[in-house]
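Q: Got a structure for you, written out below as structure tokens; questions coming shortly.
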Amino acid sequence: MYWMIAEDEADIRNLVSMLAQVWGHTPIVFESGAEAWEWLDKVESGSQDGPLPEFALMDIRMPGYRGNEIAQRIRTIPALQNIPIVLMTAFVLTEDERRQMLETNGVDHIINKPLPDFDQLHTLLHDIINQKRSS
């Protein structure tokens with residue numbers, strides 16, 4: 001399974017990318033929201049040659065575009081619109097912010113940083129993926 005990972009903090013980006021690989025997935029990694037957005041331009045135009053992700057794990061606050069903005073755009077691209085999307089944040093969200101991301105931006109789940117331990121994170125993410133597939 002290909003995972004889209006968008007995270008501007010190098011340590012977290014490298015960690016979740018490595019975990020994805022350990023768990024048997026292939027990461028498609030972006031260092032900023034702007035980089036992910038440009039890649040989505042290619043997907044949308046049909047000029048993206050490589051594989052498409054089946055899951056997205058993104059930071060909320062990144063340079064360029066925020067994770068929830070990218071999520072909302074993913075939901076408009078037919079080839080990606082049904083993938084599970086999980087956002088990560090180190091910030092406290094208000095209930096309104098959380099609700100908007102889940103209901104309006106098409107986000108499936110939001111997890112707080114620091115991330116759970118590896119086993120808990122594995123279970124959480126794979127449960128979300130499996131729930132999305134079965135719905």
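Q: Being surrounded by fewer than 20 Cβ atoms within 10 Å (Cβ to Cβ) and farther than 22 Å from Ala90 by Cα, is that true of even one residue in region 59-68?
A: Scanning region 59-68, I find no residue that is surrounded by fewer than 20 Cβ atoms within 10 Å (Cβ to Cβ) and farther than 22 Å from Ala90 by Cα, so the answer is no.
Q: I've got another one for you. Is it true that some residue in region 23-44 is within 19 Å of Asp117 (Cα to Cα) and loosely packed, with under 15 Cβ neighbours inside 10 Å?
A: Yes, region 23-44 contains a residue that is within 19 Å of Asp117 (Cα to Cα) and loosely packed, with under 15 Cβ neighbours inside 10 Å.
Q: Take Asp119 and tell me if it is loosely packed, with under 13 Cβ neighbours inside 10 Å, at pLDDT below 95 and either assigned to a helix (DSSP H, G or I) or touching a Lys or Arg at 6+ places or on another chain (Cβ under 9 Å) (or both).
A: Spelling it out, it is not the case that Asp119 is loosely packed, with under 13 Cβ neighbours inside 10 Å, at pLDDT below 95 and either assigned to a helix (DSSP H, G or I) or touching a Lys or Arg at 6+ places or on another chain (Cβ under 9 Å) (or both).
Q: On the given criteria, is Gln131 within 21 Å of Leu52 (Cα to Cα) and polar (S, T, N, Q)?
A: So Gln131 passes the test.
Q: I'm trying to understand the selection: among the residues of region 86-102, which are within 16 Å of the chain's Cα centre (by Cα) and of a type outside the set (Ser, Thr, Tyr)?
A: Val86, Leu87, Met88, Ala90, Arg98, Met101, Leu102 - these are the residues of region 86-102 that are within 16 Å of the chain's Cα centre (by Cα) and of a type outside the set (Ser, Thr, Tyr).
Q: Sticking with this one: Of the conditions (1) crowded, with 17+ Cβ neighbours inside 10 Å; (2) free of Cβ contacts under 8 Å to residues at least 40 places away in the same chain, Leu125 fails just one. Which one is it?
A: Single failed check for Leu125: (2).
Q: Can you report the number of residues in region 63-85 which are within 24 Å of Leu19 (Cα to Cα) and under 12 Å from the mean Cα position of the chain (by Cα)?
A: 10
Q: Return the residues of region 20-29 that are under 22 Å from Leu80 (Cβ atoms) and of a type in the set (A, V, I, L, M, F, W, C); say none if nothing qualifies.
A: Answer for region 20-29, where residues must be under 22 Å from Leu80 (Cβ atoms) and of a type in the set (A, V, I, L, M, F, W, C): Ala20, Trp23, Ile28, Val29.
The values are calculated or read from the model by the stated rules, or taken from the named source; none is laboratory data. A quick note: this is a predicted structure, and the numbers were derived from the prediction, not measured. For neighbour counting, all protein chains shown are included, and Cβ atoms are generated from backbone atoms with ideal geometry for every residue, glycine included.
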